[in-house]
Amino acid sequence: AGIAPAPSQVGGHCKNIPTLEYGFLVQIMKYAEQRIPTLNEYCVVCDEQHVFQNGSMLKPAVCTRELCVFSFYTLGVMSGAAEEVATGAEVVDLLVAMCRAALESPRKSIIFEPYPSVVDPNDPKTLAFNPKKKNYERLQKALDSVMSIREMTQGSYLEIKKQMDKLDPLAHPLLQWIISSNRSHIVKLPLSRLKFMHTSHQFLLLSSPPAKEARFRTAKKLYGSTFAFHGSHIENWHSILRNGLVNASYTKLQLHGAAYGKGIYLSPISSISFGYSGMGKGQHRMPSKDELVQRYNRMNTIPQTRSIQSRFLQSRNLNCIALCEVITSKDLQKHGNIWVCPVSDHVCTRFFFV
């Protein structure tokens, strides 16, 4: 390798020229030591830094340059590095449900980000879904096909693929994109889960890359940390899993007023964050405590008899909240039970509840 990466620095390019002061093996060791923590910052195909990325994420991914998209999806170049083979059925359905919510939102032109880059299976030289030429209707049609098959078929992956190809040639490539573009590590928790959340749909959710986790650990040693909830409407999670939890205050992404200033809004009380998670469909007021309790009880009495696999796809009433670890420095502003953290490096997602 002509050039070797240096540890991630915000704004700086992560590569520097090797020196001759070390022998070959030491050089390889140093290269690996510096390279592995920054893999997520580079495209798995062209090894260039990701373009237009809000903040670096945990998992490596292919960038949006067309040549890379073609190599990745048609030739399978480096696809093993970015595709999560063992994504459980429930996680897949959750990703599909989040994609649907973002696509059906009146705010889709703002929040459906990233838009898929999918190669046309009938013409491998063109992109059927292209971020430069967005076609929401065709995307909706392919997504509907993905969902109708996911709702009916409990069969093997091959069986699902076969049925999708029959229904719509773009359905399976779109499903592949939904899975491989998710850059967070999301895993269903075992049954010995966190009982106080009263839902069986609990996940481990990690999205910070090693460099951010290292900065977080340093700050934690200095100031300590605590846990707080972050609620966001389901339509926003398609982007959060791919771009990270960003400070949306005073940007076009902001949905609720930034009543307490700029930052990521959190609360130690789950029902407060839960209120934010249900807002977004033209319902821009904080629900009263009674309404929250009613909604919470209603969700917990829905009989769990349906096949678990497609529950997320059959319900239009999903509320999502994350449990985050947050640094307790003077930057964290507490206004009663509404906390605002203006430093996005000081908030890391840990668990996710639906």
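Points worth noting:
- Stretched out straight at 0.36 nm per residue, the stretch from Lys330 to Phe227 would grow longer than its current Cα-Cα span by 35.5 nm.
- Computed label-point distance, nm, for sites Ile179 and Lys133 using a 7 Å Cα→Cβ extension: 2.8
- Glu104-Leu39 pseudo-label distance in nm [points 7 Å out on the Cα-to-Cβ vector]: 3.7
- Per residue, the accessible area of the stretch 120-178 comes to 55 Å², computed with a 1.4 Å probe over protein heavy atoms only.
- Local electrostatic count, Arg215, Cβ distance below 12 Å [Lys/Arg +1, Asp/Glu -1]: +2
The values are calculated or read from the model by the stated rules, or taken from the named source; none is laboratory data. All figures in this text were calculated on a predicted structure; none of them were measured in a lab. Using ideal geometry, Cβ is built from the backbone for each residue, glycine included, and neighbour counts are taken over all protein chains shown. Calculation scope for accessible area: heavy atoms of the full protein, side chains included, ligands and nucleic acids excluded. Shrake-Rupley method; radii C 1.70, N 1.55, O 1.52, S 1.80 Å.
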